[in-house]
1. Quick one: would you say residue 38 is β-branched (Val, Ile, Thr), buried (at least 21 other Cβ atoms within 10 Å of the Cβ), in contact with a helix residue (DSSP H, G or I) (Cβ under 8 Å, 6 or more places away or on another chain) and in a helix (DSSP H, G or I)?
2. Quick one: in the range 10-35, of everything that is surrounded by fewer than 17 Cβ atoms within 10 Å (Cβ to Cβ), touching a Ser or Thr at 6+ places or on another chain (Cβ under 9 Å) and of a type outside the set (A, V, I, L, M), which residue is farthest from residue 120 (Cα to Cα)?
3. List pairs: first residue in the range 83-102 and under 20 Å from residue 62 (Cβ atoms), second residue outside any strand (DSSP E or B) and aliphatic (A, V, I, L, M) anywhere in the structure, Cβ distance under 7 angstrom, at least six positions apart or on different chains.
4. Condition first: at pLDDT 90 or above and out of contact with any Leu (no Cβ under 9 Å at 6 or more places or on another chain). Now tell me which residues in the range 41-65 satisfy that.
5. Tell me which residues, restricted to the range 41-57, are surrounded by 14 or more Cβ atoms within 10 Å (Cβ to Cβ), in a strand (DSSP E or B) and among the aliphatic types (A, V, I, L, M).
6. Check 62, 117, 89 and return the single one that is farther than 23 Å from residue 44 by Cα and touching an Asp or Glu at 6+ places or on another chain (Cβ under 7 Å).
7. On the given criteria, is residue 30 in contact with a His (Cβ under 8 Å, 6 or more places away or on another chain) and among the small types (Gly, Ala, Ser)?
8. Restricting to the range 58-102, count the residues that are surrounded by fewer than 15 Cβ atoms within 10 Å (Cβ to Cβ) and aliphatic (A, V, I, L, M).
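The values are calculated or read from the model by the stated rules, or taken from the named source; none is laboratory data. Owing to the predicted nature of the structure, the values given are computational and were not obtained by experimental measurement. Note that each Cβ is placed from the backbone with ideal geometry, even for glycine, and that neighbours are counted across all protein chains shown.
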Amino acid sequence: MRVVLPPDRSDTWVALGTDELPIGAAYDWAVRPSCGAVVLFSGTVRDHAVDDDGVMRTDVEHLEYEAYEDACIDVFRRIVDEVRARWPHTGRVALLHRLGRLELGDSSVVAVVSAPHRPEAFAAARYAIDALKASAPIWKRETWRDGDTATAAWGVGASAPVDPVAVPTADTSGTVASDASRPASSGPAAARGH
């Protein structure tokens, strides 16, 4: 499946694909006359990660992402629905994730939210990326360099997906808080390992 062009008649853009993520196009698409803020988060492949033993590894060579693709699109849409329930004046929302092999510096995930004002745009974008990581059935494989041999591990620190409604909203101080305006949901709200 390829990341497609932005939708012509929708304020929601969700996609998975193996192509480079269209970061500039996602930003441009999110700009609307009624929205004074656009927040774009891009998660990139870094050169370090914690392994299964809790050891910081500084020799990451690349990542590979796999997903249960049909389920991901449904989860992405549920996340967007929840963004709109928590922040009703949200303009456009894009959730895009790349699959396959990614090199250091490549963008693996993009969450874009436009809203009339900066606080709502930041809060909604933070929730969107947190919910994607906690809810979407996406797994990453980190490949490290050990001398002459590459080693790899799937899903380091991974946990079971949770319902997007159960993902808490970060408050303005940067700490994570439950959203008291939403009904409590069963299941852990632990972050996924991707």
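1. On the way: β-branched (Val, Ile, Thr): yes; buried (at least 21 other Cβ atoms within 10 Å of the Cβ): yes; in contact with a helix residue (DSSP H, G or I) (Cβ under 8 Å, 6 or more places away or on another chain): yes; in a helix (DSSP H, G or I): no.
When the stated conditions are applied, residue 38 does not pass them.
2. 20
3. Going by the 7 Å Cβ cut-off, the qualifying pairs are 96/3; 96/21; 96/26; 98/21; 102/45.
4. 41, 43, listed by residue number.
5. Within the range 41-57, 49 is the sole residue that qualifies.
6. Details: 62 fails: farther than 23 Å from residue 44 by Cα; 117 fails: touching an Asp or Glu at 6+ places or on another chain (Cβ under 7 Å).
That would be 89, the only listed residue that is farther than 23 Å from residue 44 by Cα and touching an Asp or Glu at 6+ places or on another chain (Cβ under 7 Å).
7. On the way: in contact with a His (Cβ under 8 Å, 6 or more places away or on another chain): no; among the small types (Gly, Ala, Ser): yes.
In short, no.
8. 2
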